[in-house]
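The values are calculated or read from the model by the stated rules, or taken from the named source; none is laboratory data. Remember, it's a predicted structure, so these values are computed and weren't measured experimentally. In this analysis, Cβ positions are derived from the backbone assuming ideal geometry, glycine residues included, and neighbour counts consider all displayed protein chains.
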Amino acid sequence: MRYLPLTDEDRRAMLARIGVPSVDSLFRDVPERARLAAPLDLPNHQGEMEVERQIAAMAAKNLGTGRAPAFLGAGAYRHHVPAAVDHLIQRGELLTSYTPYQPEVSQGTLQYLFEFQTQVALITEMDVANASMYDGATATAEAVMMANRVTRRGRAVLSGGLHPHYRDVTRTHARFLGFEIATPPPDVRGEEDLAGMIDDNTSCVVVQNPSVFGHIRDLSKLAEACHAAGALLVVVVTEVVSLGALTPPGAMGADIVAAEGQSIGNALNFGGPYVGLFATRDKYVRQMPGRLAGETVDADGRRGWVLTLSTREQHIRREKATSNICTNSGLCALAFTIHMSLLGEAGFTRLAALNHANAVRLADRLAALPGVEVINDSFFNEFTVRLPREAAGVVDALAERGILGGVPVSRLYPDEADLAPLLLVAVTETNSDADMDALVGALKEVLQ
Amino acid sequence: MNTDPITGTFSGNRGLQIEEPLIFEQDRPGRTGVDLPEPPDVQDRLGGLKRQGPIGLPGLSEPQVVRHFTRLSQKNYAIDMGLYPLGSCTMKHNPRLNEKLARLPGLADLHPLQPMSTVQGALELIDALAHWLKTLTGMPAVAMSPAAGAHGELCGVMAIRAALEDRGESRKRILVPESAHGTNPATAAACGYTVDPIPANERGRVDLAVFKEKLGDDVAGIMLTNPNTCGLFENDVLEIAEAIHAVGGYFYADGANFNAIVGRVRPGDLGVDCMHINLHKTFSTPHGGGGPGSGPVVLSEALAPYAPLPYVVHGPDGFRLVERDDDPAATGKAFGRLKGFHGQMGMFIRALAYMMSHGADGLRQASSDAVLNANYLLASLKDDLSPAFEGPCMHEVLFDDDFLKDTGVSTLDFAKAMIDEGFHPMTMYFPLVVHGALLMEPTETESKESLDGFIEVLKGLARRAKAKDTAFFHGAPRLTPRRRLDETTAARKPVLRWRPPESQEQAAE
């Protein structure tokens, strides 16, 4: 077996030194009746070629976004990832290292985490960011739990424009930790009034910008209302590229930002692994979940990096930790850091402008189709259209024509029958004019 | 110039160890590492919220970025470089085939919300991995969505609580051995339980008598790692399972150490109700400097109905995801959703490729070799270091710091000296049940020659410590890009991001 270096001769010599006749005798603490008697009903070992053939066959059954005009978003976006990103993250010293618990031999990981934290703080315009969470949805739930700790309150108001997966993950934690959540109805038109829902026990208001339906809102007034009531404003961002074009949450008074960072550096991967971004104000840093890299000096006075404030974390605090999170999303955070480093100020803002301009052009073309209404006045790279019939069926018909035409809102809100004609359409820099022509043409055909 | 205080090089570099500033310190406005087309001219629809003012991101070209991250990589230790014996972390070889397959078009470029008719192969792959996991563990169901081990723990304990609530019971306590990973008590607390610790006995196992005394009808369950973090198989496990079931509680197994028993023992045969599996440990998906992981949770018949959404089912129309609890194929009892989308697909592909490569025979050989390697370390080091417990051990071996007594050398000092010898240290000061713990897990992917080299070094260091060459240890490491770092100041005055020099001055004023 190609991954196992021991030879039979090695094994014999090692057993002799241990002083036992066989490996079986090393398992003598396992109760007799719990030992597996017969081999498991699974195939035996195979070479690289055989394994590759079988997994490639599974891949071939799928319609990847790489070979179809694709307009899918709703929290996961296809962007062009520069070749250098995937090359660098596969360097063995980065790919095959552990969490940097021994800083003297982990300066590489620690420095890029420090750079990652700084990039996240800059684009959100917050003071400080952690070294990543699992994804945007879990980061949002952690943000709510952190707001509960900071305010010592137990009720969160979740905007009707918050991605339903994010709402549901938060609801799961609410159920088991025993805090309350208020969930107003889906905010299809971006008009909800959340300030009116804040009460004395409200720890935070969670609002997504742009919303799951694509609307962009000025949150400054809402921030003021939160702060006047002693609550925090949590701003969620599911498309991080938008921060290259929009007023950042920190400039609108956000106390915590929870975001999905997949768009920068990471492939769609059918939903994971992704990378949660988490940023807050300096004054709340000791209540923040997750790992943090910090600057320090070594014994010779040279600048270096360590994991710090770990007294918040489970391996030190056990049941009193701020979160149970341990492994986070290090390599995805690295991909984010590298891609963001390549983009820089000029590239990141241009990428955002390109996404927005493409979306504006497609929105205008779709709005011109008979029976199709673009709901949004404002949007970044994703908007909601109302179709003359159920969107799910339209999306299936488009898929038969080799086009991935968007995410039907019914996939996210299966219980809201009146939302069934709505379709979320996302456009990125990867969508060519030919892609847009294909979608517009096919949609016209399908809707006839 | 940043002259090296040790070697006196003008650059601060030491041959292949090259100093590297932060990306923010290499900024030149106007530089970029990507060439994007000019955006088409449109009237913006940003609702009056167009960004004002610069972000502050640095501009670098591609060659600078490639060099930057290459230099950073060279400051890391990695399993690709050498023995990485972190106990309970399972640093084994990461096969490159798995990396290749996870990047295949048709897998890496799938959007999670595509029509299910366009992702049949992806759903088939998840189902295939689920089949392997269920067969290897002897459990009837598996929840695939948890993102890491600790996330899997949440999933399992939430399923336990949902099952208890469904029975109309609100139990309050979870029993957790003192040797458990910190995530176990943190998880129990995150699910609203109080943690009741169980001490270890003199043999490093759960103290069965104390455990039984703590049982009662307010106990929701026990979280037990088996093999435990002392590297020992809990030989009373069947009795523990029976006793917890007898009071109506559930048996949560922490599967962090499943790699010791794959193909030899099925957790389902031990009375387990749920167990998370760290795909990044047992099934070798790369640790990536701290994730991403993946933590599927196998479930017994009793807990399966409470599994979180979504999950894959197979029907007459092929595979599909159940995403709502009123789906005809759903149980109506799912405890909720744990994560955006469906799970760590990129990790699923790698883990499945690993399992298919090893096969049933290879997986059993892998766990056998892992246990053999750990026992070889124990046998070879027992006279020079101080084993915490009598063997045989399982996949990892625990020493305490008794061999360092009166030497002035601590476990930490010993670990730092190992770094200069070219090894990553073992896990230190964990588990908490022995003094100054040194927990070593060699894994099955180390050759005998590699272990022999490691053993010679540890014996040499133990001799040096016993000879009271204390200064040598206190000064270690000397040969690393940085020597011991001041963690106290880092925590007292946290600097968690870079700021431009002028704002640093402002902050100081």
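Mind listing just one residue for me: the one in segment A:129-151 that is touching a Ser or Thr at 6+ places or on another chain (Cβ under 6 Å) and surrounded by fewer than 24 Cβ atoms within 10 Å (Cβ to Cβ) and, of those, nearest to the other protein chains (Cβ to nearest Cβ)?
A:N148
Check A:H215 against each of (1) in a loop (DSSP other than H, G, I, E, B); (2) in contact with a Pro (Cβ under 7 Å, 6 or more places away or on another chain) and name the one condition it does not meet.
Among (1) in a loop (DSSP other than H, G, I, E, B); (2) in contact with a Pro (Cβ under 7 Å, 6 or more places away or on another chain), A:H215 violates only (2).
Go through segment A:288-302 and give me each residue that's surrounded by fewer than 17 Cβ atoms within 10 Å (Cβ to Cβ) and either within 26 Å of A:L331 (Cβ to Cβ) or hydrophobic (A, V, I, L, M, F, W, C) (or both).
Within segment A:288-302, A:V297 is the sole residue that qualifies.
When segment A:71-97 is examined, which residues are found to be touching a residue at least 12 places away in the same chain (Cβ under 8 Å), farther than 14 Å from A:N266 by Cα and outside the structural domain of A:S410 (by TED's automatic domain parsing)?
Listed by number, the residues that qualify are A:E93, A:L94, A:L95, A:S97.
The conditions are (1) modelled with pLDDT of 95 or more; (2) closer than 24 Å to B:P431 by Cα, and B:T135 fails exactly one of them. Which is it?
(2)
Could you check segment A:353-379 and list, in sequence order, the residues that are part of a helix (DSSP H, G or I) and facing another protein chain (nearest Cβ under 9 Å)?
A:A353, A:L354, A:N355, A:H356, A:A357, A:N358, A:A359, A:V360, A:R361, A:A363, A:D364
Restricting the search to segment A:310-325, which residues are closer than 19 Å to B:F430 by Cα and either surrounded by fewer than 20 Cβ atoms within 10 Å (Cβ to Cβ) or in contact with an Asp or Glu (Cβ under 8 Å, 6 or more places away or on another chain) (or both)?
Hits for segment A:310-325 are A:S310, A:T311, A:H315, A:I316, A:R317, A:K320, A:A321, A:N324, A:I325.
Looking at this structure, is A:S106 more than 30 Å from A:H165 (Cβ to Cβ) and either surrounded by 24 or more Cβ atoms within 10 Å (Cβ to Cβ) or not polar (S, T, N, Q) (or both)?
In short, yes.
Filtering segment B:251-285 down to residues that are of a type in the set (D, E, K, R) and out of contact with any strand residue (DSSP E or B) (no Cβ under 8 Å at 6 or more places or on another chain), which residue is surrounded by the most Cβ atoms within 10 Å (Cβ to Cβ)?
B:K281
Any residue in segment B:450-465 that's without any contact (Cβ under 8 Å) to a residue 60 or more places away in the chain: show its pairings with residues that are of a type in the set (D, E, K, R) at Cβ separation under 7 Å, as long as the two are six or more apart or on different chains.
Between residues of segment B:450-465 that are without any contact (Cβ under 8 Å) to a residue 60 or more places away in the chain and residues that are of a type in the set (D, E, K, R), the close pairs are B:V457/B:E421.
Could you check segment B:367-385 and list, in sequence order, the residues that are in contact with a His (Cβ under 6 Å, 6 or more places away or on another chain) and facing another protein chain (nearest Cβ under 7 Å)?
Answer for segment B:367-385, where residues must be in contact with a His (Cβ under 6 Å, 6 or more places away or on another chain) and facing another protein chain (nearest Cβ under 7 Å): just B:V371.
Yes or no, residue by residue, for (1) surrounded by fewer than 24 Cβ atoms within 10 Å (Cβ to Cβ); (2) within 12 Å of another protein chain (Cβ to nearest Cβ); (3) under 20 Å from B:G47 (Cα atoms):
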{"position": "A:G214", "(1), (2), (3)": "no, yes, yes"}
{"position": "A:S220", "(1), (2), (3)": "yes, yes, yes"}
{"position": "A:A258", "(1), (2), (3)": "no, yes, no"}
{"position": "A:S263", "(1), (2), (3)": "no, no, no"}
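Look through segment B:52-67, keep the residues that are out of contact with any helix residue (DSSP H, G or I) (no Cβ under 7 Å at 6 or more places or on another chain) and part of a loop (DSSP other than H, G, I, E, B), and return whichever of them is nearest to the other protein chains (Cβ to nearest Cβ).
By that ranking, first place goes to B:Q52.
I'd like to check something: does segment B:72-95 contain any residue that is free of Cβ contacts under 8 Å to residues at least 24 places away in the same chain, in a loop (DSSP other than H, G, I, E, B) and farther than 30 Å from B:E444 by Cα?
no
Kindly evaluate B:G82 against the criterion of being modelled with pLDDT under 95 and surrounded by fewer than 20 Cβ atoms within 10 Å (Cβ to Cβ).
Here the answer is no, as B:G82 does not meet what is asked.
Condition first: in contact (Cβ under 8 Å) with a residue 24 or more places away in the chain, farther than 22 Å from A:D435 by Cβ and surrounded by 24 or more Cβ atoms within 10 Å (Cβ to Cβ). Can you find one or more residues in segment A:346-358 that meet it?
Yes, that holds for at least one residue.
Applying the selection to segment A:16-49, what residues are within 7 Å of chain B (Cβ to nearest Cβ) and of a type in the set (S, T, N, Q)?
A:N44, A:Q46 - these are the residues of segment A:16-49 that are within 7 Å of chain B (Cβ to nearest Cβ) and of a type in the set (S, T, N, Q).
Taking segment B:13-31 as the search range and keeping residues that are facing chain A (nearest Cβ under 8 Å) and in contact with an Asp or Glu (Cβ under 8 Å, 6 or more places away or on another chain), which one is nearest to B:K75 (Cα to Cα)?
For segment B:13-31, the residue satisfying everything is B:L22.
Could you list, in sequence order, all residues of segment A:292-332 that are within 7 Å of chain B (Cβ to nearest Cβ), polar (S, T, N, Q) and under 21 Å from A:Q107 (Cα atoms)?
Those that are within 7 Å of chain B (Cβ to nearest Cβ), polar (S, T, N, Q) and under 21 Å from A:Q107 (Cα atoms): A:T296, A:T308, A:T327, A:N328, A:S329.
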